[in-house]
């Protein structure tokens, strides 16, 4: 059975790209051809075409090339971002419907000059997000209401990227940093500095560059990493060691 392959020019035309772009993606390891001709020319297989589709799908959602590489190399299905986004939208709609129902009931009781029941008031508090997740509770200890609102607004503005950045790329960056730390790599090593730079870039996306918000979020992570990560097994001591390592990397001189 003959397997179809594509030369770089044909694949570039099919994907609406330039040959130079595919050459660049090969160089950085984002999309490498699985085969080469005897003369050394690139040949892309059907698996490579599938990865090209995934790269383009994620790029159209706004992810940068480094984030796309992390997502794909972590084995994440790009279709998941659409499903997750849809689920989030539907959950938001359901929450708003619940809030509308609750507020209508409260409005009716107040209009009739009846004092709302305690149960109705607690329903309203839950519907407006006053009683959030355990992570929200930890954040409220370190951020004021305006800062919390700003943090949520920045996250919401990223749309479907939020899932990939928070649940895929960011944890992977920390896992890589922890592997380097436990291997005894110096904080000033370029590999560590590069990871820290990307972490700080993501932090800026979610905090809008507000140093006080960023400081508050870091304090919340230090105080209760299990609640913030959603992983009850996350050890506080291990997190303290890693954050100290990353802080040293931010101020260390580059080392080979």
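A few points about this structure:
- Between residue 215 and residue 103, the simple spin-label model (points 7 angstrom out along Cα→Cβ) gives 3.5 nm.
- Length released on extending from residue 251 to residue 27, taking residue separation times 0.36 nm less the Cα-Cα span: 77.6 nm
- Distance from segment 2-78 to segment 196-216 (C-alpha centre basis), Å: 31 Å
- Each label was represented as a point 7 Å from its Cα along the Cα-to-Cβ direction; for residue 7 and residue 83 these points are 4.0 nm apart.
- The slack in the chain from residue 146 to residue 176, taken as 0.36 nm per residue of separation less the alpha-carbon distance, amounts to 7.5 nm.
Here, each number is a calculation from the coordinates, and none is a lab measurement. Predicted model, so just to flag it, every value in this text is computed and none were measured. For neighbour counting, all protein chains shown are included, and Cβ atoms are generated from backbone atoms with ideal geometry for every residue, glycine included.
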